[in-house]
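Since the structure comes first, as structure tokens, the remarks are kept for the end.
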Amino acid sequence: MYRKVENAPREAEDFELPFEGKLSQDNRWVIMASLVPWEEFEEEYAQNFSAEMGAPALPFRVALGSLIIKEKLGISDRETVEQIKENPYLQYFIGQRHYSSEAPYDSSLLARFRERINVNLVNRINEKMVKKSQTETDEEAKKKVPKQSQERRESANKGQLIVDASCVPGDISYPNDLGILNKARVKTEKIIDSLYEPLKDQLNKKPKTYRNRARKNYLKVAKKKRQTRKEIRKAIKKQLQYIKRNLGSIDALVKAGSSLGALSRTEYKSLLVVSEIYRQQEWMYNNKVHRIEHRIVNVSQAHIRPIVRGKAGVAVEFGAKISASVRDGYVFLDRISWDNFNESVDLKAQIEAYYNYTGFYPESVHVDKIYRSRANRSFCKEKGIRISGPPLGRPKANVSQELKKQAQEDERIRNNIEGKFGISKRRYSLSRVMAKLPHTSETAIAITFLVMNLSALLRQVFCLFYIYSTIKSFSASIHY
């Protein structure tokens, strides 16, 4: 059940502290709380709950604010709750009215927050937050510009759009066929134990799994520093035979009277995943290949796929592939997929999204080589957009200094999004997403870009505050 809480904007001075103090107005959490549009999306969040049934849920500001705190500080779910319990500024940020030394909720609820706040909602909050700040800045700038020049600017393309794609690795160990089959075999053994339990009085013996022998066969090869192809192929064949035998035993137990309903939700999902892993690995073994469509590389996180990036350090990454764009220095998540895709097909949609966001098309689009297809070039030409990079065809023998300078400037601008990806992975959590489910991982990825833009807005506020303080002190000194 969800009960809407009157969450009218409250001043930091109204926050009740036990020691009769007051929160500072220039604290970063107080400023960030004023930047996030909490009230505008509370109705949409409330649709996740019944209006009459169930215990009252925590407000939207508590849910989103907790996820922002976790990402901003780069801490775990448990540490997030501890930090909120100890810090009055964090309690003000999530909408509490007074300080409390008790935990506001259990740390396990953060996983629920990620389930209820989906990636689309986070993206819309991100856009609304940035647009609100930019609108206030633009209105101040328009007051200083004559009407004629404003009309001229509104009719032309404006701004720059920077687009690129990257991979966000998941929290899995580097996969190999033998290791995947070993984990799949262990899952089948546990499933056999669960299905045999209701029938142990009817059946004389539990189906043989040869688990000790199977593990010894796996470790015999896995512990070797160097394995030959022949040894690996022989070990894979043995693990496939063990899994095939176990899957047959599972079918026999079901026919004997056991029910798949006796399995837990996790075990039933594991059974489906293991069946698909066996099919894929058997096909690759018989055809002597190492590639197959929608290949599963992890038993517990079956949604993760190998993403071939062709980078110098790591040629293949395992996680989600994202497509993002930078507008006016702010980064936005445009697409996220667990399967590999050609990012160049997203350029038209990203340009149209820029138009819907700003009301005009960009003056220039800065992309790398893969985006410079004929279809994308003709689309940009039709909209009056200059696309970065050399034209298609044979390179010209003599290139003017002006064009060389323009190419260098375009590449310098395009590096902005590379820096955004670097910050998201070194400073924030996109170097390894710790969420385990696909939808919660997508929310965690989107929250990272939201926090990055929130930090950028916070820096602007601090810069303006510093400039104002400097001018004020300078004026006071002159007056003195």
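Summary table below
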quantity	calculated
Count of residues meeting criterion [surrounded by fewer than 15 Cβ atoms within 10 Å (Cβ to Cβ) and closer than 19 Å to LYS183 by Cβ] in the range 235-251	3
Qualifying residues in the range 336-350 (those that are in contact (Cβ under 8 Å) with a residue 24 or more places away in the chain and surrounded by fewer than 22 Cβ atoms within 10 Å (Cβ to Cβ)) - the one farthest from the chain's Cα centre (by Cα)	LYS348
Residue match in the range 375-387 (condition: more than 26 Å from LEU454 (Cα to Cα), charged (D, E, K, R), in contact with a Phe, Trp or Tyr (Cβ under 8 Å, 6 or more places away or on another chain) and at pLDDT below 95)	yes
Members of the range 160-196 that are within 27 Å of the chain's Cα centre (by Cα), of a type in the set (S, T, N, Q) and open to solvent by less than 20 Å² (accessible area, probe 1.4 Å)	SER166
Test: residue in the range 31-42 that is of a type in the set (Gly, Ala, Ser), closer than 18 Å to VAL451 by Cα and open to solvent by 60 Å² or more (accessible area, probe 1.4 Å)	yes
Residue tally, condition assigned to a helix (DSSP H, G or I) and loosely packed, with under 14 Cβ neighbours inside 10 Å, over the range 8-30	2
Test: SER300 is more than 30 Å from TYR278 (Cα to Cα) and either outside any loop (DSSP other than H, G, I, E, B) or touching a helix residue (DSSP H, G or I) at 6+ places or on another chain (Cβ under 9 Å) (or both)	no
Residue satisfying all of: in the range 381-402; outside any strand (DSSP E or B) and of a type in the set (A, V, I, L, M); most open to solvent (accessible area, probe 1.4 Å) among these	ALA397
Cross-chain or 6+ apart pairs with Cβ under 7 Å, the range 300-324 first and farther than 24 Å from HIS366 by Cβ, then of a type in the set (Phe, Trp, Tyr) and in a strand (DSSP E or B)	ILE304/PHE318; PRO306/PHE318
Selected residue [open to solvent by 10 Å² or more (accessible area, probe 1.4 Å) and closer than 30 Å to TYR354 by Cα] from ARG305, ARG291, ARG327, ARG279	ARG305
Enumeration of residues in the range 197-216 that are modelled with pLDDT of 95 or more and open to solvent by 100 Å² or more (accessible area, probe 1.4 Å)	ASN212, ARG213, ARG215, LYS216
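Residue-wise test of (1) part of a loop (DSSP other than H, G, I, E, B); (2) modelled with pLDDT under 95.
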residue	(1), (2)
SER258	yes, yes
ASN286	no, no
VAL289	yes, yes
PRO306	no, yes
GLU317	no, yes
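The values are calculated or read from the model by the stated rules, or taken from the named source; none is laboratory data. All of these numbers come straight from a predicted model, not from anything done at the bench. Here Cβ is always computed from backbone atoms with ideal geometry, including for glycine, and neighbour counts include all displayed protein chains. All accessible areas refer to the heavy atoms of the entire protein, side chains included, with ligands and DNA or RNA removed. Shrake-Rupley method; radii C 1.70, N 1.55, O 1.52, S 1.80 Å.
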